[in-house]
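What follows is a single structure, written as structure tokens, with notes after it.
The values are calculated or read from the model by the stated rules, or taken from the named source; none is laboratory data. Quantities reported herein were computed from a predicted structural model and do not represent experimental measurements. Quick reminder, even Gly has a Cβ in these numbers, built from the backbone with ideal geometry, and neighbours come from all protein chains shown. Calculation scope for accessible area: heavy atoms of the full protein, side chains included, ligands and nucleic acids excluded. Shrake-Rupley method; radii C 1.70, N 1.55, O 1.52, S 1.80 Å.
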Amino acid sequence: MGKKDIATKKYMSDNVRFADVFNYAIYGGRQIIKHDMLKEISAEELLLMEGENGRLITRDRVRDLEKMCVIKKSGNIVYMLLGIENASNVHYAQPVRNGLYDFMGYADQVERKSKENRRKRKLRDSSEFLSGLKKEDKIAGIITLTVYFGDRPWDGPRSLHEMLSIDDKEILKLIPDYRINLIDPHEINNSEKFMSDFRYIIEFMKASGDKEKMNSLLNEKHNIYSNMERDAMVVIREWANINIKFDEKEEKQEMCKAIDDMMRDARMSGEALGEARGEARGREAERKRMQEKLDEKQSQIEKERRRYEKEIEELKRQLAEKQTA
């Protein structure tokens with residue numbers, strides 16, 4: 001796991017930020033999921049499959065983050081498993097990757113309920129014995145979010161169907177689709193709906209690459225970026241490749257210096273851009289002046305040409321009259 005992946009995983013493990021991105025994805029930013037509703041659970045998934053000759057084959061996967069959430073809404077209690085997959089690069093098999101995590105999670109729940117039912121002898125007929133589940137048994141829903149930290153917009157598939165080499169709609173309707181839930185900062189135009197400092201990481205990422213926007217952002221929110229928590233600044237450092245050295249005693253000072261350096265670079269680039277634009281405007285003005293002078297000369301020449309033509313015609317007429325006299 002690279003530095004960027006480690007930084008984003010640590011950053012998103014915070015319950016406030018974790019709840020924030022799910023509130024945005026599920027409820028459009030309404031604060032339904034609270035940080036104290038989340039309970040850390042193992043992010044490891046282990047699936048047992050029966051292979052050839054009845055031998056068991058194991059497949060294990062480790063999610064980036066997974067938490068249990070209990071939501072009380074309108075008198076109902078909803079149990080959910082919420083998972084996050086951080087992505088620093090586009091993954092062109094993300095639908096399969098996320099789908100595997102989700103269905104391994106469902107398989108794990110079925111196995112646990114089956115073991116409990118068999119141990120407590122709760123199963124009543126052959127159908128229940130076959131699955132290990134009672135007819136009324138339910139399992140928790142699983143929602144996986146892919147939180148993308150890449151430096152370019154996501155251009156990978158967002159559904160299983162997009163990955164298939166099939167265009168026939170009659171066939172596709174019989175193949176269950178799986179869509180990923182993607183948070184791509186490049187596509188977000190309502191970052192104010194995030195309540196945590198993830199909002200400012202989004203705004204930073206969107207301004208990156210545009211010196212004028214970055215200068216405006218850092219001027220407007222200098223205090224916010226200078227006082228961000230360490231793990232948030234680590235994400236920005238790793239993502240934007242900014243040279244920030246952290247020291248426990250001077251951590252804030254280093255952050256302020258890094259922000260000030262970025263602002264200075266943005267201003268310098270802005271000044272250079274302004275000078276270049278000023279020079280371009282000057283060249284354009286000179287070009288227009290020369291064009292006007294040329295047009296004026298051509299107009300004078302055209303007037304003189306018409307005058308001479310009239311004089312020539314008049315001389316020809318007079319000559320013709322003399323010849324006939």
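Could you run through segment 1-15 and say how many residues are assigned to a helix (DSSP H, G or I), hydrophobic (A, V, I, L, M, F, W, C) and in contact with a Lys or Arg (Cβ under 9 Å, 6 or more places away or on another chain)? Even if it seems obvious, please write down each step before you answer.
First, the residues of segment 1-15 that are assigned to a helix (DSSP H, G or I): 3-12, 15.
So of that shortlist, the ones also hydrophobic (A, V, I, L, M, F, W, C) come out as 6-7, 12.
Of the ones still in play, those that are also in contact with a Lys or Arg (Cβ under 9 Å, 6 or more places away or on another chain) are 7.
The total comes to 1.
List pairs: first in segment 106-134 and under 20 Å from Tyr79 (Cα atoms), second at pLDDT below 90, Cβ under 9 Å, 6+ apart or cross-chain? Within 9 Å, the pairs are Ala107/Glu45; Ala107/Leu47; Ala107/Leu48; Asp108/Glu45; Asp108/Leu46; Asp108/Leu47; Glu111/Leu48.
Kindly check whether there is at least one residue in segment 48-56 that is open to solvent by 30 Å² or more (accessible area, probe 1.4 Å) and modelled with pLDDT of 90 or more. Checked against the condition, which is being open to solvent by 30 Å² or more (accessible area, probe 1.4 Å) and modelled with pLDDT of 90 or more, segment 48-56 yields no hits at all. The criterion of at least 3 residues that are at pLDDT below 95 is met, among helices (runs of 4 or more DSSP H) falling completely within segment 156-225, by 198-207, 211-220. Only one of the numbered conditions (1) out of contact with any Leu (no Cβ under 8 Å at 6 or more places or on another chain); (2) open to solvent by less than 70 Å² (accessible area, probe 1.4 Å); (3) acidic (Asp, Glu) is violated by Glu85, and that is (1).
Screening Arg119, Arg112 for residues that are over 30 Å from Lys34 (Cβ atoms) and among the charged types (D, E, K, R) leaves exactly one candidate, Arg119. Among the residues of segment 69-128, the ones that are over 30 Å from Asp155 (Cα atoms) and touching an Asp or Glu at 6+ places or on another chain (Cβ under 6 Å) come to 1 in all.
Does Phe204 count as among the aromatic types (Phe, Trp, Tyr) and touching a residue at least 40 places away in the same chain (Cβ under 8 Å)? Show your work before the answer.
On the way: among the aromatic types (Phe, Trp, Tyr): yes; touching a residue at least 40 places away in the same chain (Cβ under 8 Å): no.
In short, no.
Taking the condition of a type in the set (Phe, Trp, Tyr) and open to solvent by less than 20 Å² (accessible area, probe 1.4 Å), does Tyr148 pass?
Numbers: of a type in the set (Phe, Trp, Tyr): yes; open to solvent by less than 20 Å² (accessible area, probe 1.4 Å): yes.
Judged against the criteria, Tyr148 is a match.
Being assigned to a helix (DSSP H, G or I) and over 28 Å from Asp177 (Cα atoms) is a property that does not hold for Phe103.
Out of all the residues in segment 181-220, which are over 13 Å from the mean Cα position of the chain (by Cα), under 20 Å from Ile32 (Cα atoms) and not polar (S, T, N, Q)? Selection gives Glu192, Lys193, Phe194, Met195, Asp197. Against the definition (farther than 30 Å from Ala232 by Cβ, at pLDDT below 80 and open to solvent by 100 Å² or more (accessible area, probe 1.4 Å)), how does Glu279 come out, yes or no? In short, yes.
Could you list, in sequence order, all residues of segment 1-34 that are polar (S, T, N, Q) and open to solvent by 60 Å² or more (accessible area, probe 1.4 Å)?
First, the residues of segment 1-34 that are polar (S, T, N, Q): 8, 13, 15, 23, 31.
Gln31, the sole residue that qualifies.
Exactly one residue among Val96, Val21, Val16 is of a type outside the set (D, E, K, R), at pLDDT 95 or above and more than 27 Å from Pro176 (Cβ to Cβ), and that residue is Val16.
(1) part of a loop (DSSP other than H, G, I, E, B); (2) open to solvent by less than 50 Å² (accessible area, probe 1.4 Å): which one isn't true of Lys135, the others all being true? It fails just one condition, (2). Consider only pairs whose beta carbons are under 7 Å apart and that are at least six residues apart or on different chains; among these, list those whose first residue lies in segment 26-37 and is under 17 Å from Asp197 (Cα atoms) and whose second residue is small (Gly, Ala, Ser). The qualifying pairs are Ile33/Ala19; Lys34/Ala19; His35/Ala19. Among residues of segment 146-167 that are closer than 16 Å to Asn181 by Cβ, those with a beta-carbon under 6 Å from a residue that is in a loop (DSSP other than H, G, I, E, B) and among the aliphatic types (A, V, I, L, M) at least six positions away or on a different chain give the pairs Thr146/Ile180; Trp154/Val90; Gly156/Val90; Arg158/Ile180.
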